[in-house]
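Inspection log for the structure reproduced underneath, given as structure tokens.
The values are calculated or read from the model by the stated rules, or taken from the named source; none is laboratory data. Everything numeric in this text was worked out from a predicted model, so none of it was measured. Positions of Cβ are backbone-derived with ideal geometry, glycine not excepted, and every protein chain shown enters the neighbour counts. Surface accessibility is based on the protein's heavy atoms, side chains included, excluding ligands, DNA and RNA. Shrake-Rupley method; radii C 1.70, N 1.55, O 1.52, S 1.80 Å.
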Amino acid sequence: MTRLVATDLYKAFGSQSVLTGIELTVPEGSLTAILGPSGSGKTTLLRVLAGFERCDRGVISLGGRVVEDGRRYLPPEERGIGYVPQEGALFPHLTVEKNIAFGLSRQERRDGRVARLAEMVGLGNLTGRYPHQLSGGQQQRVALARALAIEPEVVLLDEPFSSLDAGLRASVRADVQRVLREAGTTALLVTHDQDEALSMSDFVAVIRDGRIGQTGTPQELYEHPVDPDMAEFLGDANLIRGSVDSAVASTPLGTFPLRSGSTPVAKPTSAVILVRPEQVEIRPGRAAHGLAARVVESEFHGHDAVMRVLPDASSGLGAIVARTDGALALAPGTEVTVTARGPVLAWPDA
């Protein structure tokens, strides 16, 4: 069963079109991410799905029940949706316990639900505290518990980790993912962070200019982006001019088999070829096989290193990004030999 479906959604503010024909399907029990840059329409989409904004055209259904279609409109409180805003939006004068219980009836507050949720989000011993006595990550956990307390059909999360520092963001993300899995709740996460979307979601829908540009599992999107722009948006990408012939791509970096999903061609055709940084191999010094280059930038991350290398001018290539084992981090100026391994994705020129 599909829990959330949006069909042909349009939304404009005055003369400014924001959503232009959104098609979105969120399977039951999944965690799906809406990924897009600032201004792409992702937060507007979430607010329309929640019922905070009316769509201009289109159909929204939850669990097979139409909640908006141009004639019928259910307000947010009747949609069975939990909502977690960016800053948590907790009531400062209420304790953790009372914040979680805010949307519940008196009977529901007595059935142990609040205590169970507090334990689930790791705050069972903090229910008497007030928001100002909690860390940012703890406040977001309270906001999630409050959204889950009403036992919603879907939980919508609007960039809930954006205000947290990098170290805390990773741990809170893991906690939120665990809680949603344990609760079996369908969830839709809005984010501009590619790592966040790819690492914690079952499915990712990339929104560009008010439309869904591509939807799939994180691996599908990363390995098979629909075009070069999508490839660059979903992670570091080396886009190299070359040619394709049948199932082979030829580039100054080498000749590679084409990844399944590349557009087949019957004769040699110029193309843009995608080589991800983890496919690039670097060896210190000069070697008989491979491109001569030198390191121009090097970032050490412990578990890995990201380097930008500049091949000799005779190759016709610009800088290439490589991701290697952290033990291989090389200083800028180091002479290296660059090779790569396939398969690769290619988009023949029109």
Can you compute 3J(HN,Hα) from phi for each residue in the stretch 342-347, using the Karplus curve 6.51 cos²θ - 1.76 cosθ + 1.60 with θ = phi - 60°, rounded to whole Hz and x for Gly and Pro?
x, x, 10, 9, 9, 10
Nearest-ten-degree value, helix 166-183 long axis tilted from longest Cα axis of the chain:
60 degrees
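Which order, highest average first, do 338-344, 225-231, 131-137 follow once you tally other Cβ atoms within 10 Å for each residue and take the mean per peptide? Working shown, then result.
Working: 338-344: 19.4, 225-231: 17.0, 131-137: 14.7.
Most protected by this proxy first, the peptides run 338-344, 225-231, 131-137.
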Net charge (Lys, Arg +1; Asp, Glu -1) of residues whose beta-carbon lies under 13 Å from that of V5, V5 excluded, is -4
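Would you please classify the overall shape of the stretch 294-348 from the alpha carbon gyration tensor, given that a ≥ b ≥ c denote the square roots of the eigenvalues, rounded means a/c under 1.5, and beyond that prolate means a/b larger than b/c while oblate covers the rest?
oblate
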Where q = 0.14, 0.15, 0.16 Å⁻¹, what log10 of I(q)/I(0) comes from the Debye formula for the stretch 1-139, counting one point per Cα?
-0.82, -0.90, -0.97
Do you know the relative contact order of the chain, to the nearest whole percent, from alpha carbon pairs under 8 angstrom that are 6+ apart?
16 percent
With unit charges on the beta carbon (Lys/Arg positive, Asp/Glu negative), name the residue among H303, A340, L258 whose Cα is farthest towards the positive pole of the charge dipole of the chain.
H303
Sorted largest first, extent of the stretch 237-350 alpha carbons per principal axis (Å)
44, 30, 22
State whether the stretch 71-202 is rounded, prolate or oblate according to the following rule on the C-alpha gyration tensor (a ≥ b ≥ c being the square roots of its eigenvalues): a/c under 1.5 gives rounded; otherwise a/b larger than b/c gives prolate, and the remaining case gives oblate.
oblate
Taking the alpha-carbon distance from K11 and a cut-off under 24 Å, which lysines remain once sequence neighbours fewer than 8 residues away in the same chain are dropped?
K42
Rounded to the nearest 20 debye, what is the charge dipole size of the chain about its Cα centre when +1 sits on each Lys and Arg Cβ and -1 on each Asp and Glu Cβ?
620 debye
GNM top mover of L35, L164, L188 - the chain, alpha-carbon springs below 10 Å
L164
Cα centroid separation, the stretch 161-184 to the stretch 187-265 (Å):
25 Å
Whether the stretch 93-133 is rounded, prolate or oblate, judged on the alpha carbon gyration tensor where a/c under 1.5 counts as rounded:
oblate
What are the ³J(HN,Hα) couplings of the stretch 113-120, residue after residue, when phi is run through the Karplus curve with 6.51, -1.76, 1.60 and θ = phi - 60°? Round to Hz, x for glycine and proline.
4, 4, 5, 5, 5, 4, 5, 4
Give the separation of the Cα centroids, the stretch 18-34 to the stretch 271-350, in Å.
36 Å
Per residue, how much accessible surface does the stretch 256-350 expose to a 1.4 Å probe? Answer in Å², no decimals.
50 Å²
